[in-house]
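Please read the structure below before turning to the comments.
The values are calculated or read from the model by the stated rules, or taken from the named source; none is laboratory data. Note that the structure is a prediction, hence the values are computed from the model and not measured. Note that each Cβ is placed from the backbone with ideal geometry, even for glycine, and that neighbours are counted across all protein chains shown.
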């Protein structure tokens, strides 16, 4: 009789464990789908983006290393321009094929192939038409301090970022936080964001000024 009772309890316990595992898996899958839907909906509705930004870099101890600000322009697919205005003046711009990095203080521009320079970066998430879920594991983090957060973990273990978090304020991207594999954290706050305003393709080309050093790393 005792053995029969123990057998019944064992069966009940196993069924409960299976049920809990199923619910845990179903909840995780639902959260992932919800996060992916939010991200894809934002990307599908966004063809161009223009915004002011403030960028802050902190080390693995939480100490601020630097802070900068400027204007960003983005046009899908694969065109973007980051103009840093303060405390230094730099421009990072690509037309989807060539990437220019211009440092005004150093009077120097570096030219690279865009595909190898941008692939796997946060900019590629916003600018590319590639399937996001093929490159990242997408997790819904819920609402934190007024933002709906989505976390993307690269499937490529050699990516320079351990994770990238996007904070949405309704239908706008309010914040991006990147955790790199050195323990540093880069936070970008977006303000005065304008979506789908026409941007000329010339915005994403660059003609080096005369008299500066040109370093061409292509090929």
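So for the range 146-155 (the condition being modelled with pLDDT under 85 and either more than 10 Å from the chain's Cα centre (by Cα) or outside any strand (DSSP E or B) (or both)), does at least one residue qualify?
no
Return yes when residue 142 is modelled with pLDDT under 90, part of a strand (DSSP E or B) and over 19 Å from residue 124 (Cα atoms) and no when it is not.
Values: modelled with pLDDT under 90: yes; part of a strand (DSSP E or B): yes; over 19 Å from residue 124 (Cα atoms): yes.
Considered against the rule, which asks whether it is modelled with pLDDT under 90, part of a strand (DSSP E or B) and over 19 Å from residue 124 (Cα atoms), residue 142 comes out as yes.
Which one of these does residue 108 not meet: (1) surrounded by fewer than 17 Cβ atoms within 10 Å (Cβ to Cβ); (2) closer than 28 Å to residue 65 by Cα; (3) free of Cβ contacts under 8 Å to residues at least 40 places away in the same chain?
(3)
Quick one: which residue in 139, 164, 144 is farther than 21 Å from residue 77 by Cβ and buried (at least 18 other Cβ atoms within 10 Å of the Cβ)?
That would be 139, the only listed residue that is farther than 21 Å from residue 77 by Cβ and buried (at least 18 other Cβ atoms within 10 Å of the Cβ).
Of all residues in the range 55-81, which are closer than 19 Å to residue 125 by Cα and assigned to a strand (DSSP E or B)?
Within the range 55-81, 55, 71, 72, 73, 74, 75, 79, 80, 81 qualify.
If you check residue 137 against the conditions, is it touching a helix residue (DSSP H, G or I) at 6+ places or on another chain (Cβ under 9 Å) and either without any contact (Cβ under 8 Å) to a residue 12 or more places away in the chain or assigned to a strand (DSSP E or B) (or both)?
yes
Working carefully through the options 199, 182, find the one that is in a loop (DSSP other than H, G, I, E, B), touching a residue at least 24 places away in the same chain (Cβ under 8 Å), touching a strand residue (DSSP E or B) at 6+ places or on another chain (Cβ under 8 Å) and farther than 19 Å from residue 38 by Cβ.
Selected residue: 199, the only one of 199, 182 that is in a loop (DSSP other than H, G, I, E, B), touching a residue at least 24 places away in the same chain (Cβ under 8 Å), touching a strand residue (DSSP E or B) at 6+ places or on another chain (Cβ under 8 Å) and farther than 19 Å from residue 38 by Cβ.
Quick check, is residue 180 crowded, with 16+ Cβ neighbours inside 10 Å and within 26 Å of residue 96 (Cβ to Cβ)?
So residue 180 passes the test.
Can you name the residue in the range 97-128 that is assigned to a loop (DSSP other than H, G, I, E, B), within 20 Å of the chain's Cα centre (by Cα) and farther than 21 Å from residue 202 by Cα and, of all such residues, is modelled with the highest pLDDT?
121
Tell me which of these residue 84 doesn't satisfy, since it passes every other one: (1) surrounded by fewer than 16 Cβ atoms within 10 Å (Cβ to Cβ); (2) modelled with pLDDT of 90 or more; (3) part of a strand (DSSP E or B).
Condition not satisfied by residue 84: (1).
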